[in-house]
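First up is the structure itself, then whatever we jot down about it.
The values are calculated or read from the model by the stated rules, or taken from the named source; none is laboratory data. What you are looking at is a predicted structure, and each value in this text was computed from that prediction instead of being measured. Cβ coordinates were reconstructed from backbone atoms using ideal geometry, including for glycine residues, and neighbour counts include every protein chain displayed. We work out accessible area using only protein heavy atoms, side chains counted, and drop any ligands, DNA or RNA first. Shrake-Rupley method; radii C 1.70, N 1.55, O 1.52, S 1.80 Å.
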Amino acid sequence: MRFSVPVVPILAAVLAAGALPSAALARPALVKAVPAADAAVTRPTTLTLTFSEELAPVSGIDLVMTAMPGMADHKPMPIKGFTAKTSGKVLTVALPRPLPVGTYRLSWHAVGNTADQDRAEGSYSFKVR
Ligand SMILES: [Cu+2]
């Protein structure tokens with residue numbers, strides 16, 4: 001005896017529903033950064049990261065100076081003393097003084113301001129001239 005019910009379309013529908021849980025849609029993605037990735041900017045005092053989702057206050061960044069002019073063997077140097085605040089989809093980093101000339105690597109972690117607290121992270125570099 002053969003099945004008369006079309007099994008394949010039902011399976012496809014079940015798989016499609018399972019492949020896109022609503023939690024995955026709430027994961028914050030970086031949509032804009034100032035300074036932008038790979039940009040060269042004049043000594044900034046503020047860094048701004050805009051995400052696709054509302055952010056929880058535990059979102060933040062780490063900032064490391066990776067190179068500076070006239071220093072051949074520059075070890076990664078963590079930058080401290082800034083404040084990071086979230087407001088809606090925007091994370092604003094306020095530096096106590098303009099960043100010195102050099103190359104920086106910014107690593108961000110963003111947590112969605114929803115019950116599931118979806119977390120994402122990434123990093124990029126920029127230059128201060
Ligand atoms: Cu340095």
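For Thr42, the shell of other residues with beta-carbons less than 13 Å away shows a net charge of +3, using +1 for Lys and Arg and -1 for Asp and Glu.
Coupling constants for segment 82-88 follow from the phi torsions by the Karplus curve (6.51 cos²θ - 1.76 cosθ + 1.60, θ = phi - 60°), and in residue order they are 8, 10, 10, 10, 9, 8, x Hz; glycine and proline get x. Extension gain for Met77 to Arg129 (0.36 nm times residue separation, less C-alpha to C-alpha distance): 17.0 nm. Using a probe of 1.4 Å, the accessible surface attributed to Arg27 totals some 120 Å² when neighbouring protein chains are kept in position. Rounded to whole numbers, the Karplus 3J(HN,Hα) couplings from phi for segment 92-105 are 10, 10, 9, 8, x, 8, x, 5, x, 4, x, 10, 10, 10 Hz, using 6.51 cos²θ - 1.76 cosθ + 1.60 with θ = phi - 60°, and x at Gly and Pro. Rolling a 1.4 Å probe over the protein chains gives Val58 an accessible area of about 90 Å². Taking all protein chains together and a 1.4 Å probe, the residues Phe82, Phe51 rank Phe82, Phe51 from largest to smallest accessible area. Rolling a 1.4 Å probe across all protein chains gives Lys32 an accessible area of roughly 120 Å².
Shown are Glu53, Glu121, whose ranking by accessible area with a 1.4 Å probe and every protein chain present, most to least, is Glu121, Glu53.
For the Cα trace of segment 26-128, dividing Rg by the Kirkwood Rh returns an Rg/Rh value of 1.00. Please give the net charge around Met65, taking every other residue with its beta carbon less than 12 angstrom from that of Met65, where Lys and Arg add +1 and Asp and Glu add -1. Combined, the nearby Lys, Arg, Asp and Glu give +3.
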